[in-house]
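*Asks:* I have a structure I would like to understand better, so I am pasting it below and will then ask my questions one at a time.
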Amino acid sequence: MNHYHEYLLKDLSGDRETLIELLSTRDAELRDAIFTKAVNLRNLHAGNKIYFRGLIEYSNKCSKDCHYCGIRACNPTIERYELNEAEVIEAAQFAWKNRLGSVVIQSGERSDKTFVKKISSLLEAIRFTTYGELKVTLSCGEQSEETFREWYEAGADRYLLRIETSNVGLFEQLHPTDGKHLFKTRLRALESLKRVGYQTGTGVMIGIPGQTTEMLANDLIFFRNFNVDMVGMGPYLETSDSVMNDVANTFRPAERLELSLRMIALLRILMKDINIAASTALQAIEPSARLAALNCGANVLMPNITPLQYRESYQLYNNKPGLTMDAEDNLRYWEEQLLQTGCSPAWDEHGDPMHYQHRTKKSNDQKILI
Ligand code: 5AD
């Protein structure tokens, strides 16, 4: 059994078939039962509060060429940008003053020294200007363990790095075969994040051409066996001028949306105390879909607080919502939307996943016993 298969096959008796059935069922009552169970479990184990993270899209400069992604290096049609320090600090101040508790710095992937140092200094500046009160999640792609450690020590304590799909063959179809886009590197990076001590998040795209419900069931099992703290996943969406557009779609947008909601609910049932995001991509298919995700088990929302003039240039996929709503309006909009969920916003809370606390407490207890 190879290293990767261990994650898929551990403790698996019978689950995969059930998950496939639940992802595909046409029984409306069963579907509702899944969603209700997921919400009840969330309320019980993760709380009925929604955590806000202010999303700062730091830069669309990227060294990678993922076929599905609008900011891939080979896309000549977008204007490349990088926020300056004052713009990042202003966005962080907005989040802090509006009691969001934490921000996510997301960026195209670069691993050159200038970029690595820049992120470190931004982390230090945010810590300094918010008296250490604002937590920072990074989503800046695959890096060496050394870089992950440097950023952790500079103040980041969560990291999101999607595996995109746990199916190696499908992963290879989504990426160039240039040796720079390897599944095993992605997996190792995720392992590094955990070793360094991050609250570790991953995720997948749902409804990719060629993906099957069996692969999606495996993704859920992968999350559980990898023991992730956080998951952000959403529908696959077309992006302009991509080679992916030459491949026939397997799922219609409405099917991708439905599968995404079921994936969220089933993951909540499998992993009761993790953080699950209601991802932006959901809203690209249906305006109310992020709300629907909160109504079937998600507990994290990431309102975009990137300065408006850069939003156009950070379109990972077509139809990206929120290009014109500024941070203030966006936040008020979500506050109002939450009234429809029976959940309240968790103002001023860092929103650490309970799962992380449980998993690290357990290993500390074990250390004490040894
Ligand atoms: N459709 C859906 N999600 C996408 N992402 C990138 N491109 C697309 C797309 N076309 C997601 C990837 C990536 C995250 C930052 O955005 O999962 O990890």
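*Asks:* Taking only the stretch 269-286 into account, find how many residues are out of contact with any Phe, Trp or Tyr (no Cβ under 8 Å at 6 or more places or on another chain), at pLDDT below 95 and either within 21 Å of Gly322 (Cα to Cα) or part of a helix (DSSP H, G or I) (or both).
*Replies:* Of the residues in that region, 1 qualify.
*Asks:* In addition: Taking Val136 as meeting all but one of (1) within 16 Å of the ligand (Cβ to nearest atom); (2) in a strand (DSSP E or B), write down the number of the exception.
*Replies:* (1)
For (1) open to solvent by less than 50 Å² (accessible area, probe 1.4 Å); (2) assigned to a loop (DSSP other than H, G, I, E, B); (3) of a type outside the set (Lys, Arg), each residue gets a yes or a no:
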position	(1), (2), (3)
Leu257	yes, no, yes
Arg290	yes, no, no
Ala293	yes, no, yes
Pro321	yes, yes, yes
Asp329	no, no, yes
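*Asks:* What number of residues in the stretch 203-252 are in a helix (DSSP H, G or I), surrounded by fewer than 23 Cβ atoms within 10 Å (Cβ to Cβ) and within 13 Å of the ligand (Cβ to nearest atom)?
*Replies:* So the answer is 3.
*Asks:* On the given criteria, is Ile274 away from the ligand (no atom under 16 Å from the Cβ) and crowded, with 24+ Cβ neighbours inside 10 Å?
*Replies:* yes
*Asks:* Residues that are crowded, with 16+ Cβ neighbours inside 10 Å, charged (D, E, K, R) and within 19 Å of the chain's Cα centre (by Cα): does the stretch 353-368 have at least one?
*Replies:* no
*Asks:* Could you give me the residue pairs with C-beta distances under 6 Å whose first residue belongs to the stretch 280-291 and is more than 12 Å from Ala254 (Cα to Cα), whose second residue is within 13 Å of the ligand (Cβ to nearest atom) and in a loop (DSSP other than H, G, I, E, B) wherever it lies, and which are 6+ apart or on separate chains?
*Replies:* Listed by first residue and then by second, the contacts come to Ala281/Leu237.
*Asks:* Any idea which residue in the stretch 139-160 is farthest from Lys61 (Cα to Cα), counting only those that are assigned to a loop (DSSP other than H, G, I, E, B) and open to solvent by 10 Å² or more (accessible area, probe 1.4 Å)?
*Replies:* Step by step, filter the stretch 139-160, then rank; the result is Gly155.
*Asks:* Any chance the stretch 166-189 includes a residue that's open to solvent by 20 Å² or more (accessible area, probe 1.4 Å) and in contact with a strand residue (DSSP E or B) (Cβ under 6 Å, 6 or more places away or on another chain)?
*Replies:* no
*Asks:* What are the residue pairs meeting all of these: first residue in the stretch 129-154, first residue of a type in the set (Val, Ile, Thr), second residue in a loop (DSSP other than H, G, I, E, B), Cβ atoms under 7 Å, and 6 or more apart or on different chains?
*Replies:* Val136/Gly155; Thr137/Arg53; Thr147/Ser111
The values are calculated or read from the model by the stated rules, or taken from the named source; none is laboratory data. Owing to the predicted nature of the structure, the values given are computational and were not obtained by experimental measurement. Note that we place each Cβ from the backbone using ideal geometry, even for glycine, and neighbour counts take in every protein chain shown. SASA here: full protein model, heavy atoms, side chains in, ligands and nucleic acids out. Shrake-Rupley method; radii C 1.70, N 1.55, O 1.52, S 1.80 Å.
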